[in-house]
Amino acid sequence: MGATEARPARLRVNEIFYSLQGETSRVGLPTVFVRLTGCPLRCGYCDTTYAFHEGTSMLLPEVLAGVAQYAPRYVTVTGGEPLAQRGCLELLRVLCDAGYSVSLETSGALDISGVDPRVSRIVDVKTPGSGEADKNFWANLERLLPSDEIKFVLCGEEDYLWAKDVVLDRRLFDRAPVLFSGAAGQLEPAMLADWILRDALPVRLQIQLHKALWGEGRGR
């Protein structure tokens, strides 16, 4: 390999699997998920702690082959926190080049400005109840496009009131769709629905479809 020749991107991949999208505006669509290893956050409600460390080192062509075996239309890159790996940006770009409709699920703690604009960026805003609200990279919200989405996972009424203020003060609904969901075992969807209706809040309630269908588990 020549001194100026770029080395193939290598990623640490936790799993590649085919399922129904359980969240976001793409809910219910058959989707291939590429879950990357590693995350700098430790949210109290995290349901993918196995992705903090477990994974296999894969070259980019190997990842693409893993995706292609399902012949999907939709691909989601998730984690962990996928942007924590330098090769993630190249992965997103080549997935778009391959003709897939690509979305990225990110914690909102890392800069999204380098993400290919063809990617739908699903950006979390961490609430106080998550234990990681101080990690929010607020400048991301100024960089959102209408094709992106903003997600709040709420642990209770205090989180809801906090999130409502953020949505209204920053008029996030004018930037991109806003999604509210309750943390599993902490906030019942019916209660959250009542609050949204009471306040006529311009957000979308979401329930994790994959968990409703299959419960907890990998590859779902």
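Every number in this text was worked out from the coordinates using simple rules, so none of it is lab data. These numbers were taken from a predicted model, which means no experiment stands behind them. Here the Cβ positions follow ideal geometry from the backbone for every residue, glycine too, while neighbour counts run over all protein chains shown.
So here's what we get for this one:
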quantity: Loop trypsin sites (Lys or Arg not before Pro), the range 2-104 (other Cβ atoms within 10 Å of the site Cβ: 13 or fewer; DSSP); calculated: Arg42, Arg73, Arg86
quantity: CD proxy at 222 nm, helix term only [per DSSP H run n ≥ 4: -39500 (n - 2.57); per residue of the chain; nearest 500]; calculated: -6500 deg cm²/dmol
quantity: Fewest-first ranking of Ser113, Ser103, Ser19, using other Cβ atoms within 10 Å as the exposure measure; calculated: Ser113, Ser19, Ser103
quantity: Alpha-carbon Debye profile of the range 1-90, log10 I(q)/I(0) at 0.10, 0.11, 0.13, 0.20 Å⁻¹; calculated: -0.28, -0.34, -0.47, -0.99
quantity: Top positive-direction residue, dipole computed over the range 10-214 with Cβ charges, set Val166, Ser25, Leu89; calculated: Leu89
quantity: Neighbourhood net charge (12 Å Cβ-Cβ; Lys/Arg +1, Asp/Glu -1) for Ser101; calculated: +3
quantity: Environment charge of Lys126, counting only residues whose C-beta is closer than 12 Å and scoring Lys/Arg +1, Asp/Glu -1; calculated: -2
quantity: Per-residue ³J(HN,Hα) for the range 59-75, Karplus 6.51 cos²θ - 1.76 cosθ + 1.60, θ = phi - 60°, Hz, x for Gly and Pro; calculated: 6, 4, x, 5, 5, 4, 5, x, 6, 5, 4, 9, 6, x, 9, 10, 10
quantity: Neighbour-count ranking [beta-carbon atoms within 10 angstrom, fewest first] of Glu15, Glu157, Glu142; calculated: Glu142, Glu157, Glu15
quantity: Dimensions (Å) - the range 10-214, Cα atoms, principal axes, largest first; calculated: 49, 35, 28
quantity: Point-charge dipole on Cβ atoms (K/R +1, D/E -1) for the range 10-214, about Cα centre, debye to 20; calculated: 500
